[in-house]
Structures are given as structure tokens and as C-alpha cells.
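To start, the structure itself, in C-alpha cells.
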Amino acid sequence: MPRPEDSEYEVQCMNPGIGECVPFPSVWGHWAGGPGQSKQDVKWLDEKLEKLFGQVERVGK
């Protein structure tokens with residue numbers, strides 16, 4: 001299981017503007033955002049996905 005530090009390093013190796021590392025703030029570890037066990041996890045993930053898809057839509061125009 002990669003640690004957040006590993007993912008942060010990977011993003012630093014990318015060209016500027018390509019990636020962003022946003023660690024999942026959950027007590028569930030690898031299971032974070034799993035099958036709806038935590039409403040807070042699902043809400044956080046939904047907000048991040050809405051932001052991501054909103055950015056993709058703007059880039060494609």
C-alpha cells in the first residue's frame with residue numbers, strides 16, 4: 001500500500017499542472033470510500049470527483 005509520501009513524490013516528478021496529490025482523510029485506511037460505510041468518506045470523495053469532472057469539462061471546450 002503506497003504511503004501519501006510516495007504519491008506526493010510521484011506527482012513532483014510529473015510536469016507542472018499534470019497531477020495533484022490529495023490524501024483521503026479517513027480512519028478506514030485502504031478501505032476509505034469503500035461500499036458506503038462512512039457517509040463522510042463518500043461526501044468527501046463525491047466533492048473531489050465533481051471538482052475533477054468539472055475541470056475536465058472546461059479543458060475540453
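The values are calculated or read from the model by the stated rules, or taken from the named source; none is laboratory data. Note that the coordinates shown come from a computational prediction; the quantities given were computed from them, not determined experimentally.
Going by the conditions given, is residue 42 modelled with pLDDT of 80 or more and either in a helix (DSSP H, G or I) or of a type outside the set (Ser, Thr, Tyr) (or both)?
Yes: the conditions hold for residue 42.
Restricting region 1-25 to residues that are in a loop (DSSP other than H, G, I, E, B), within 19 Å of residue 49 (Cα to Cα) and of a type outside the set (A, V, I, L, M, F, W, C), which is farthest from the chain's Cα centre (by Cα)?
17
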